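Structure, as structure tokens:
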Amino acid sequence: GGSRHCFYSPAMKEDAQLKLMLRRDLQKAIEQDQLFLMFQPKVQCVGGALKVVGVEALVRWQHPQKGLVSPAEFIPAAEENGQIADIDRWVMAQVLNQLGQWYRRHEEATLPVSVNVSASLFSLDGFVEGMAELLSRTAVPAWLIELEVTEHVAMENYRHTLETMKKLKEMGVGLAIDDFGTGHSNLAYLRDFPVDVLKIDIAFVKDVHADSKKQALVRAMISMARSLSLKVIAEGVETEAERAFLESVECTRYQGYLFYRPMLTKDIDKLFAAGEEY
Ligand code: C2E
Ligand code: CA
Ligand code: CA
Ligand code: CA
């Protein structure tokens, strides 16, 4: 939309001064606790009823002057200037601490939390060891963590990804391919990588009920996922018409504003406390 404010938009990338400002502000954001997490529930349709099956952690930045800055604005910039690794590390530690609290409070009613992992964290030497250390320090069972890795990140270094994913899988950490279908990559990688879930990108979901090309693509993704025994979740589901089409092709896991928007920690706490009752 025309009136949306972008404080650190890609168009500003040329502007060295703005880049510098963002870099400095982000450094402060990490140091001064300006970042916080929201969690968006994922649901599954089981016998006509909806059940929450997990949540995705999404980072937010409360800037002291500019207010809430969207990750769509600062994550790409942070990826470019290398600060993303610090952000990801902060997010991972935060999620595991939170999960530790939830697990002690709600035990089996605690649902898995997905974390977005950028290339610079995923490709770091010692990433797997760091995960193992965090899991044991926070006493969180590995199955409560799922990592969302985009095709782009996964394909950056094939052998490293394969090795890393195998180790994570052995530990019991869940693995999802994020933004599936947007990576322009040879799909053969799906045979090799031990992933559990494909997240169909919002681009294929938007108005899918009214677009036969998208329908053909979504059908193909679902049938491929099924033949590889992978779970599928559609992201960005906003309307009942989209959901109905997805259900008609046997995609029964969804994430999107139709069900839940990203929520504050305290509301997720209530969701877990309610168990099956929500
Ligand atoms: P993503 O991983 O694809 O996350 C989904 C984005 O879609 C989120 O935007 C979410 O709020 C939004 N969304 C959810 N349901 C709907 C819907 O029904 N309609 C529409 N239009 N949007 C929906 P958000 O939180 O602004 O995050 C944007 C991107 O920033 C994420 O895309 C992810 O790539 C990145 N990101 C967010 N948090 C983190 C993080 O902690 N670490 C890293 N590395 N990246 C993150
Ligand atoms: Ca994601
Ligand atoms: Ca996504
Ligand atoms: Ca996306």
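Test of understanding: given the chain, find the longest segment containing no trypsin sites (Lys or Arg not before Pro) that are in a DSSP loop and have at most 13 other Cβ atoms within 10 Å. List each step's numbers first, then the result.
Details: sites that count: R4, K66.
Formally, the longest exposed-site-free interval is 67-278.
Would you tell me the accessible area of V195, worked out with a 1.4 angstrom probe on the heavy atoms of the protein chains, in Å² to the nearest 10?
Rounded to the nearest 10, the figure is 10 Å².
Which ³J(HN,Hα) values in Hz, rounded to whole numbers, follow from the phi angles of region 87-104 under the Karplus curve 6.51 cos²θ - 1.76 cosθ + 1.60, where θ = phi - 60° and Gly and Pro get x?
Ordered by residue, 3J(HN,Hα) equals 5, 4, 5, 4, 4, 4, 5, 4, 4, 5, 4, 4, 4, x, 5, 4, 5, 5 Hz.
T182 versus K169, label points 7 Å from Cα toward the beta carbon: distance in nm?
Simple spin-label model gives 2.5 nm for this pair.
What are the ³J(HN,Hα) values, in whole Hz, obtained from phi via the Karplus relation 6.51 cos²θ - 1.76 cosθ + 1.60 with θ = phi - 60°, for each residue of region 126-132 in sequence order, with x given for Gly and Pro?
Karplus-based 3J(HN,Hα) across region 126-132 equals x, 4, 5, 5, x, 4, 4 Hz.
How much FRET efficiency would the formula 1/(1 + (r/R0)^6) give for E238 and A72, where r is the Cβ-Cβ distance and R0 is 25 Å, rounded to 0.05? Provide the component values of the computation, followed by the final result.
On the way: r = 17 Å, r/R0 = 0.66.
That pair, E238 with A72, gives E of 0.90.
At 7 Å along Cα-to-Cβ for each site, give me the label-to-label distance between S136 and D192 in nm.
3.0 nm
Can you return the lysines within cross-link range of K266? Criterion is Cα-Cα under 20 Å, with same-chain partners fewer than 8 residues away left out.
Once the sequence-local lysines are set aside, what remains near K266 is K42, K51.
Measure of size requested: the Rg and Dmax of the chain, with Cα atoms as the atom set and Å as the unit; please supply both.
For the chain, the Cα-based Rg and Dmax read 18.8, 56 Å.
Can you pick out the pairs among K28/K270; K169/K199; K166/K231 whose Cα atoms lie more than 20 Å from each other?
The pairs that break the limit, which is 20 Å between Cα atoms, are K28/K270.
To the nearest 10 Å², what's T182's accessible area with a 1.4 Å probe?
60 Å²
If contacts are Cα pairs under 8 angstrom and at least 6 residues apart, what is the relative contact order of the chain in percent?
Values: 413 pairs, mean separation 47.4, N = 278.
Once normalised by length, the contact order is 17 percent.
Collect residues whose amide H, placed 1.01 Å from N in the peptide plane, falls under 5 Å from the amide H of L175; neighbours closer than 5 in sequence don't count.
Here the answer is L147, D196, V197, since their amide H atoms fall under 5 Å of that of L175.
When ligands, DNA and RNA are left out and all protein chains stay put, how many square angstrom of accessible area per residue does region 151-201 have with a 1.4 Å probe? Don't jump to the answer; show the numbers that get you there.
Values: 2430 Å² over 51 residues.
That works out to 48 Å² per residue.
Tally up the carbon and sulfur contribution to the accessible surface of the chain as a whole percent, 1.4 Å probe, everything protein left in place.
The computed percentage sits at 52.
The values are calculated or read from the model by the stated rules, or taken from the named source; none is laboratory data. In this text the structure is predicted, and so the values were computed from the model without any measurement. With ideal geometry, Cβ positions are generated from the backbone for all residues, glycine too; neighbour counts draw on all protein chains shown. To get the accessible areas, we keep the full protein, side chains included, count just its heavy atoms, and leave off ligands, DNA and RNA. Shrake-Rupley method; radii C 1.70, N 1.55, O 1.52, S 1.80 Å.
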